[in-house]
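For reference, the structure is listed below as structure tokens.
The values are calculated or read from the model by the stated rules, or taken from the named source; none is laboratory data. These figures come from a predicted structure and were not determined experimentally. Cβ sites come from the backbone with ideal geometry, for glycine too, and all protein chains shown count toward neighbours.
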Ligand code: FES
Ligand SMILES: [Fe+2]
């Protein structure tokens with residue numbers, strides 16, 4: 001077995017292990033009275049609100065394999081569009097309209113997944129184990145205190161899909177040394193590319209770190225009167241990376257202002273990532289300012305997308321010997337990859353057959 005095969009096996013193992021974690025799949029306010037299709041870890045899902053509660057099922061009617069996301073909700077149940085089989089909130093079929101009587105086969109049930117509404121998003125865990133309320137024991141839904149804080153104005157950055165693994169996308173968000181190169185004049189400056197020392201602290205479910213960078217002056221961060229010139233030394237930003245794919249960035253600005261990003265990434269497949277971003281601020285609260293904040297994020301994201309989608313392999317190598325790391329500068333990436341490798345190792349299943357040497 002070559003080293004490369006071993007690494008691929010590790011990433012395949014990680015991919016399977018991800019089924020035990022919560023992942024965001026949809027903006028919660030987009031789930032109204034119609035079912036909606038989503039995809040998580042290659043699993044087609046139907047998301048639906050039954051009696052107000054968010055539910056997730058495999059998007060497949062057990063009668064003839066029709067996508068239930070084409071159906072509708074009636075009396076707190078999900079109705080298949082093909083022959084009208086009707087499923088209750090546990091996924092049990094309660095009605096087969098073409099059949100006389102009440103003789104519904106026991107097997108007439110669709111597969112339910114753990115679903116939760118949190119921070120304005122719908123989260124799903126494909127393999128919740130015994131307790132549907134506690135998937136991936138020890139890895140709770142990511143904290144986002146600004147979500148319920150009236151002092152903050154929250155705006156959605158339109159969701160975006162990147163052709164990369166979710167881990168590549170997350171690593172890009174917590175990579176500091178690219179600011180001067182990919183975002184020169186916006187987040188960094190090539191004449192000042194060094195990254196200050198920073199500690200990375202691991203808790204039960206998060207990596208957190210603080211970093212104070214120098215940024216080009218920015219009107220959106222209250223640097224008025226700077227005429228677009230000069231660099232500003234920021235107070236340390238506080239990053240919290242909740243494993244595996246959510247990052248909250250809290251950047252303190254002068255006078256008690258905070259600029260916050262909550263970026264939750266969904267592993268749609270091994271090489272496709274859907275990203276949900278909240279931008280929160282406790283200043284400049286006038287809604288007429290919102291579009292400027294969206295435009296700012298979209299400018300940065302487009303610069304990142306081009307670089308991240310070019311990375312090969314698309315999956316993040318979790319074996320540290322696969323890419324080169326610079327001590328100090330790449331500290332976060334190193335700790336993140338190590339933890340992902342631990343999660344992969346915790347997956348008991350054997351290496352998938354297609355990755356075995358032939
Ligand atoms: S395929 Fe769904 S009811 Fe027949
Ligand atoms: Fe970036």
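Among the conditions (1) within 16 Å of ligand 2 (Cβ to nearest atom); (2) touching a residue at least 60 places away in the same chain (Cβ under 8 Å); (3) buried (at least 17 other Cβ atoms within 10 Å of the Cβ), residue 177 misses just one, which is (3). The residue of region 319-338 that is nearest to ligand 1 (Cβ to nearest atom), among those that are under 11 Å from residue 171 (Cβ atoms) and out of contact with any strand residue (DSSP E or B) (no Cβ under 9 Å at 6 or more places or on another chain), is 337.
Scanning region 71-90 for residues that are within 13 Å of ligand 1 (Cβ to nearest atom) and in contact (Cβ under 8 Å) with a residue 12 or more places away in the chain returns 71, 72, 77, 78, 80, 81, 82, 83, 84, 85, 86, 87. Residue 162 meets all of the listed conditions (1) outside the structural domain of residue 243 (by TED's automatic domain parsing); (2) away from ligand 1 (no atom under 16 Å from the Cβ); (3) touching a helix residue (DSSP H, G or I) at 6+ places or on another chain (Cβ under 7 Å) but one, namely (1).
This table checks each residue for (1) at pLDDT 90 or above; (2) more than 21 Å from the chain's Cα centre (by Cα); (3) assigned to a loop (DSSP other than H, G, I, E, B).
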| residue | (1), (2), (3) |
| --- | --- |
| 318 | yes, no, yes |
| 336 | yes, no, no |
| 343 | yes, no, no |
| 350 | no, yes, yes |
| 354 | no, yes, no |
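Taking the numbered list (1) at pLDDT below 95; (2) surrounded by 14 or more Cβ atoms within 10 Å (Cβ to Cβ) in turn, residue 207 passes all entries but (1).
A Cβ distance below 9 Å, combined with a sequence gap of six or more or placement on separate chains, defines the contacts here; from region 292-306, residues that are free of Cβ contacts under 8 Å to residues at least 12 places away in the same chain reach residues that are within 11 Å of ligand 2 (Cβ to nearest atom) in the pairs 306/182.
For residue 120, the conditions (1) surrounded by 20 or more Cβ atoms within 10 Å (Cβ to Cβ); (2) away from ligand 2 (no atom under 16 Å from the Cβ) are fulfilled apart from (1).
Per-residue answers, yes or no, for (1) in a loop (DSSP other than H, G, I, E, B); (2) touching a helix residue (DSSP H, G or I) at 6+ places or on another chain (Cβ under 9 Å):
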{"position": "73", "(1), (2)": "no, no"}
{"position": "104", "(1), (2)": "yes, no"}
{"position": "114", "(1), (2)": "no, no"}
{"position": "122", "(1), (2)": "no, yes"}
{"position": "139", "(1), (2)": "yes, yes"}
{"position": "151", "(1), (2)": "yes, no"}
{"position": "158", "(1), (2)": "no, yes"}
{"position": "170", "(1), (2)": "no, yes"}
{"position": "175", "(1), (2)": "yes, yes"}
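If only residues of region 60-69 that are surrounded by 15 or more Cβ atoms within 10 Å (Cβ to Cβ) and over 14 Å from residue 95 (Cα atoms) are counted, the one that is farthest from ligand 1 (Cβ to nearest atom) is 69. Where strands (runs of 3 or more DSSP E) fall entirely within region 204-286, those with at least 1 residues that are under 27 Å from the mean Cα position of the chain (by Cα) are at 206-211, 214-216, 237-242, 246-253, 257-269, 272-281.
Checked against (1) assigned to a strand (DSSP E or B); (2) over 30 Å from residue 238 (Cα atoms); (3) touching a helix residue (DSSP H, G or I) at 6+ places or on another chain (Cβ under 6 Å), residue 45 passes all but condition (3). Restricting attention to region 8-59, the residues that are crowded, with 19+ Cβ neighbours inside 10 Å and within 16 Å of ligand 1 (Cβ to nearest atom) total 5.
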